[in-house]
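Below you'll find the structure, written out as structure tokens, and then a few comments.
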Amino acid sequence: MKHNLTEEEIVKYFTTTKAEISFIDSKPLNNRLRLLSYLKYYEHTGRFPATQYSLPKSAVEYLAEQLGTSLATYYDNSFTARTIQRYKKQVREFLNYNKCLDEHMDKLRAWLVSEIFPQHTKFNHIKDLTYKFFREQEIEPPPQNKLESIIISTLNQWEEAIIKNISDSLPNATKGHIDKLLLGDEDGSNFRTLKRAPGDVSLASILGELHKLRIIKSFDINPEIFLGLRNETLKKYRDRIITEPAREVRRHPDDIRYGLFAIFLYI
């Protein structure tokens, strides 16, 4: 949660309801502000604050004002781990949230592959969308480090499948042509030629680009094998191979080498 919330955002996200006040009224007076902060933070983000300082101080002050209690009770460090866990359980029950189970993680992976990875490439944005997914499903997400690991592993599997599909769609003659260029390119000059920027417009640069175009067209790659893949996604894979010298590209497993090189040529 960002800490520079506007006054309007604080009112929107941290105004309490009668039901919420009734929920905490039975708790010890000095515990109510902390419990209410858990509830409102969870309601807004779908997860519990990592520390007391995860909430903006202005939001805590607003909650304390509504309760008519001292701000100092929020920063009281006498809470035991057992009390905190009990209060978190009560918040989940109050908001009708469920703990994350294996079946939920399977559903998450399927959703990432079908809805998110084909449309989004920036990791932080994908993570934000994932937290939104959990909120909408009323499921508490796993810890951040575990969630990030799941996103990365699922993304890697999805990328490998895409690249393999592209590789499988290439004619054997095209694969042989790729190997011929890379294996016979001991000094990397041919690969460097394809990667080289055009430079200033001149007769020499135009002839150079025509030469590159002839090389690219000689691979006879059907553009239809890239249908359904966004340019941003393809450019990300292109960037992976464009920074490597020919000797490194040769070391990739066959499917990765053919798939990435085909993407590079297509872009």
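The values are calculated or read from the model by the stated rules, or taken from the named source; none is laboratory data. If you're wondering where the values come from, they're calculated on a predicted model, not measured in any experiment. Don't worry about glycine lacking a Cβ; one is built from the backbone with ideal geometry, like all the others, and counts go over all protein chains shown. Keep in mind that these areas ignore ligands, DNA and RNA; they rest on the heavy atoms of the full protein, side chains included. Shrake-Rupley method; radii C 1.70, N 1.55, O 1.52, S 1.80 Å.
Structural remarks
- Flag if LYS99 is open to solvent by 90 Å² or more (accessible area, probe 1.4 Å), touching an Asp or Glu at 6+ places or on another chain (Cβ under 7 Å) and under 18 Å from ALA50 (Cβ atoms): yes
- Residue satisfying condition, being among the acidic types (Asp, Glu), more than 22 Å from ILE166 (Cβ to Cβ) and either touching a residue at least 60 places away in the same chain (Cβ under 8 Å) or open to solvent by 70 Å² or more (accessible area, probe 1.4 Å) (or both), within set ASP200, ASP220, ASP254, ASP239: ASP200
- Residue count, the stretch 203-217 (criterion: of a type in the set (Gly, Ala, Ser), free of Cβ contacts under 8 Å to residues at least 12 places away in the same chain and either open to solvent by less than 70 Å² (accessible area, probe 1.4 Å) or closer than 30 Å to PHE117 by Cα (or both)): 1
- Residues of the stretch 226-236 that are in contact (Cβ under 8 Å) with a residue 60 or more places away in the chain and part of a helix (DSSP H, G or I): PHE226, GLU232, THR233, LYS236.
- Of all residues in the stretch 25-43, those being open to solvent by less than 60 Å² (accessible area, probe 1.4 Å) and either at pLDDT below 90 or within 32 Å of the chain's Cα centre (by Cα) (or both) number 11.
- Checking each residue in the stretch 55-96 for being of a type in the set (Ser, Thr, Tyr), in a helix (DSSP H, G or I) and either open to solvent by 30 Å² or more (accessible area, probe 1.4 Å) or in contact with a helix residue (DSSP H, G or I) (Cβ under 7 Å, 6 or more places away or on another chain) (or both) picks out SER58, TYR62, THR73, TYR87.
- Of the residues making up the stretch 166-181, those that are in contact with a helix residue (DSSP H, G or I) (Cβ under 8 Å, 6 or more places away or on another chain) and open to solvent by 40 Å² or more (accessible area, probe 1.4 Å) number 2.
- Scanning the stretch 204-217 for residues that are within 30 Å of ALA161 (Cβ to Cβ) and either among the β-branched types (Val, Ile, Thr) or in a loop (DSSP other than H, G, I, E, B) (or both) yields ILE215, ILE216.
- Filtered residue count, the stretch 1-15, keeping only those that are open to solvent by 30 Å² or more (accessible area, probe 1.4 Å) and either closer than 20 Å to PHE79 by Cβ or in contact with a helix residue (DSSP H, G or I) (Cβ under 7 Å, 6 or more places away or on another chain) (or both): 2
- Which numbered condition ILE152 misses (of (1) aliphatic (A, V, I, L, M); (2) farther than 22 Å from GLU232 by Cβ; (3) open to solvent by 70 Å² or more (accessible area, probe 1.4 Å)): (2)
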